[in-house]
Amino acid sequence: PGTQLPYDPEKKTIVILGSGWGATSLLKTLDTSEYNVVMISPKNYFLFTPLLPSVAVGTLSPKAILQPTRYLARHKARAVTVIEAEAKEIDPFNKTVTFEDDTEIKGEVSHTTISYDYLVHAVGAEVQTFGIPGVQEKACFMKELSDAEIMQRRFKDCIESAAFPGQDNTEIDRLLHIVIVGGGPTGIEVSGEIHDFLEDDLKAWYPELAGRIRISLVEALPSVLPMFSKQLIEYTESTFKESKIEILTKTMVKEVKDRSVVLQMPDKSIQEVPCGMVVWAGGNKGRKITQDLMAQYPNVQTNRRGLTVDDQLRLAGADGSIFAIGDCTSTSYAPTAQVASQQGAYLARVFAQMAKKNTLQARLNQLEQSEAAVTDTAEKANRKPEIETTRKLIANVKVRPFHYSHQGSLAYIGSDKAIADLPFANGNIASAGVATFLFWRSAYLSTLFSLRNRTLVANDWIITKIFGRDLSRD
Ligand code: FAD
Ligand code: NAD
């Protein structure tokens, strides 16, 4: 496996943009024997996002939730070309992609263009800041691995600065006030993880400071976690209350400053609240490459939430050669890993069907040509049945529309508790608490793409349980 040359001029070329949930699931399921496959992403790994908040407080090490794309690619039937680069431009009319090595070290060539027969646009989304002043420059995000590492460093810095001799009481309280913006699952999970770090480790190591750490969660809407059922929202709110995490709903962040956050309170008054750091989890927005692609189809691609696709995930307005999956699309589904990975696996089946159809079509062309060359009528008649059968086989190769199967929503809320909305035959079952937390852990452990990652994650959980989280700041 993986020893043949990646490029075969006889085969069609699929270019996949991204190495996240959608792209990785596609690559995992795709039969590469029928195609030249090129995967382009600025990250040469897959990031298991559900456990990113655990990395942000050091429960897990970064390596545990990363899987190098080449690990997956090398096990495919034909070699897959993996390129660490950022796609900069898609020309859907000439069917080319231009990409660039944006890293620190570049070779003589760091910018090039290749052709595709099929393009899979799976570049995800970036953090939505709504252009609110200070967010981009001063807040930490929770989207990429580097965000989790930055958050960890800043959080530990806040504590060490608060411990600095002679620090004034008001300044200690400011440094130890952590503001999390966004009551979606990301904001909730980050709050829960910070709380665990505080309870399990910081209380022992910084006994004089730990009790003064404040966590505030700010949400513009009337409630947190709108995608979960009412009883789970209430459960989360009461768990946060016990954990002394303050939830401020109907409160909107208007500005992030160096030492404070400006809030518009429910009564529309403006308050400037001192804080040591702000974690921004305000949702998603389309990347530039996605917006540029939309701009190529101004009459069709008008949904500001992302790319419009048909029920076979083909880009609306394009000629059928571009597919889009995951967070870069705007569909009736939530932008989740579950959706992106099911779409990736579905596309792999679509490509398998298309390959089957191409093979049959080539056979049909051959049969028709040789039949045309025959002059003897009896011989012509002899060949007809096979031609008819092949035509029927081609007509039977159908591509079914994408169908999403919701496996439930799960979120960790801290204090060894999780919440779950699980679909059953007669509706949803809502479950919460410590048993749900164990379910959450086992569900994510089994969802991790490789045994290597499962081992690393399980190992880190055990190490954290025995020795606690690391306090050193690099
Ligand atoms: P991504 O996984 O974001 O992948 C996009 C890929 O494209 C990345 O590899 C990126 O490097 C690459 N890329 C970016 N720009 C370019 C470019 N110009 N050219 C080429 N490649 C590019 N969902 C759940 O269902 N369950 C959860 O528990 C869950 N937890 C989450 C926790 C956190 C902290 C976060 C942030 C998200 C969570 N999600 C969860 C949502 C989930 O991560 C996303 O819905 C999912 O990642 C979407 O998959 P995707 O393939 O569309 O995008
Ligand atoms: P989100 O869009 O779900 O939530 C963002 C929240 O931020 C919104 O509720 C919004 O009202 C709030 N907000 C935005 N601007 C604000 C402001 N100025 N002031 C106050 N509040 C503001 O974003 P997310 O939590 O990052 O989730 C993104 C996607 O990833 C969702 O589809 C989510 O389901 C998925 N996800 C799932 C899980 C899970 O299943 N456990 C975990 C993380 C993310």
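The values are calculated or read from the model by the stated rules, or taken from the named source; none is laboratory data. None of the values given here were measured: they were computed from a predicted structure. Don't worry about glycine lacking a Cβ; one is built from the backbone with ideal geometry, like all the others, and counts go over all protein chains shown.
Here are some notes:
- Qualifying residue in segment 243-258 (condition: within 16 Å of ligand 1 (Cβ to nearest atom) and β-branched (Val, Ile, Thr)): no
- Listed conditions (1) loosely packed, with under 10 Cβ neighbours inside 10 Å; (2) closer than 21 Å to THR32 by Cα; (3) of a type in the set (D, E, K, R) are all met by ASP376, apart from (2).
- Tally of residues being in contact with a Cys (Cβ under 6 Å, 6 or more places away or on another chain) and either more than 12 Å from ligand 1 (Cβ to nearest atom) or assigned by TED's automatic domain parsing to the domain that holds MET151 (or both) across segment 280-324: 0
- Scanning segment 224-242 for residues that are within 26 Å of GLY134 (Cβ to Cβ) and away from ligand 1 (no atom under 16 Å from the Cβ) turns up just one, PHE240.
- The set of residues in segment 272-296 that are away from ligand 2 (no atom under 13 Å from the Cβ) and outside any loop (DSSP other than H, G, I, E, B) comprises GLU272, PRO274, MET277, GLY286, LYS288, ILE289, THR290, GLN291, ASP292, LEU293, MET294, ALA295.
- Within segment 319-336, the set of residues being buried (at least 23 other Cβ atoms within 10 Å of the Cβ), touching a residue at least 24 places away in the same chain (Cβ under 8 Å) and not in a helix (DSSP H, G or I) comprises ILE322, PHE323, ALA324, ILE325.
- Qualifying residue in segment 195-209 (condition: in a strand (DSSP E or B), under 19 Å from GLY58 (Cα atoms), within 16 Å of ligand 2 (Cβ to nearest atom) and out of contact with any Pro (no Cβ under 9 Å at 6 or more places or on another chain)): no
- Failed condition for TRP440, given (1) farther than 19 Å from THR49 by Cβ; (2) within 25 Å of the chain's Cα centre (by Cα): (1)
- Any chance ALA425 is within 28 Å of TYR235 (Cα to Cα) and modelled with pLDDT under 95: yes
- Taking (1) more than 15 Å from ligand 1 (Cβ to nearest atom); (2) surrounded by 20 or more Cβ atoms within 10 Å (Cβ to Cβ); (3) of a type in the set (A, V, I, L, M, F, W, C) in turn, ILE105 satisfies each apart from (2).
Listed here are the residues, each with its yes/no results for (1) in contact with a helix residue (DSSP H, G or I) (Cβ under 8 Å, 6 or more places away or on another chain); (2) over 26 Å from GLN353 (Cβ atoms).
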{"site": "GLU371", "(1), (2)": "yes, yes"}
{"site": "LEU393", "(1), (2)": "yes, no"}
{"site": "ASN396", "(1), (2)": "no, no"}
{"site": "LEU410", "(1), (2)": "yes, yes"}
{"site": "PRO423", "(1), (2)": "no, yes"}
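- Against the list (1) under 15 Å from the mean Cα position of the chain (by Cα); (2) among the basic types (Lys, Arg); (3) modelled with pLDDT under 95, the condition LYS285 fails is (3).
- The test for being within 12 Å of ligand 1 (Cβ to nearest atom) and in contact with a Pro (Cβ under 6 Å, 6 or more places away or on another chain) holds for ASP327.
To keep it simple, each residue is scored yes or no on (1) crowded, with 19+ Cβ neighbours inside 10 Å; (2) acidic (Asp, Glu); (3) in contact with a Ser or Thr (Cβ under 9 Å, 6 or more places away or on another chain); (4) touching a residue at least 12 places away in the same chain (Cβ under 8 Å).
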| site | (1), (2), (3), (4) |
| --- | --- |
| ILE188 | yes, no, yes, yes |
| GLY192 | yes, no, yes, yes |
| HIS195 | yes, no, yes, yes |
| ALA210 | no, no, no, yes |
| SER223 | no, no, yes, yes |
| LYS230 | no, no, yes, no |
| ASP258 | no, yes, no, yes |
| GLN264 | no, no, yes, yes |
| PRO274 | no, no, yes, yes |
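- Filter result for ILE65 (in the same structural domain as VAL37 (by TED's automatic domain parsing) and under 30 Å from GLU199 (Cβ atoms)): yes
- Out of THR81, THR59, sole residue that is of a type in the set (S, T, N, Q), touching a residue at least 24 places away in the same chain (Cβ under 8 Å) and surrounded by fewer than 20 Cβ atoms within 10 Å (Cβ to Cβ): THR81
- Residues in segment 124-152 that are assigned to a helix (DSSP H, G or I) and under 22 Å from PRO50 (Cβ atoms): LEU145, SER146, ASP147, ALA148, GLU149, ILE150, MET151, GLN152.
- Taken over segment 155-179, the criterion of being in a helix (DSSP H, G or I) and crowded, with 18+ Cβ neighbours inside 10 Å is satisfied by PHE155, LYS156, CYS158, ILE159, ALA162, ILE172, ARG174, LEU175.
- Within segment 297-311, the set of residues being touching a residue at least 40 places away in the same chain (Cβ under 8 Å), buried (at least 18 other Cβ atoms within 10 Å of the Cβ) and part of a loop (DSSP other than H, G, I, E, B) comprises just one member, GLY306.
- The listed residue being in the same structural domain as LEU293 (by TED's automatic domain parsing), more than 16 Å from ligand 2 (Cβ to nearest atom) and more than 24 Å from the chain's Cα centre (by Cα), out of VAL109, VAL120, VAL97: VAL109
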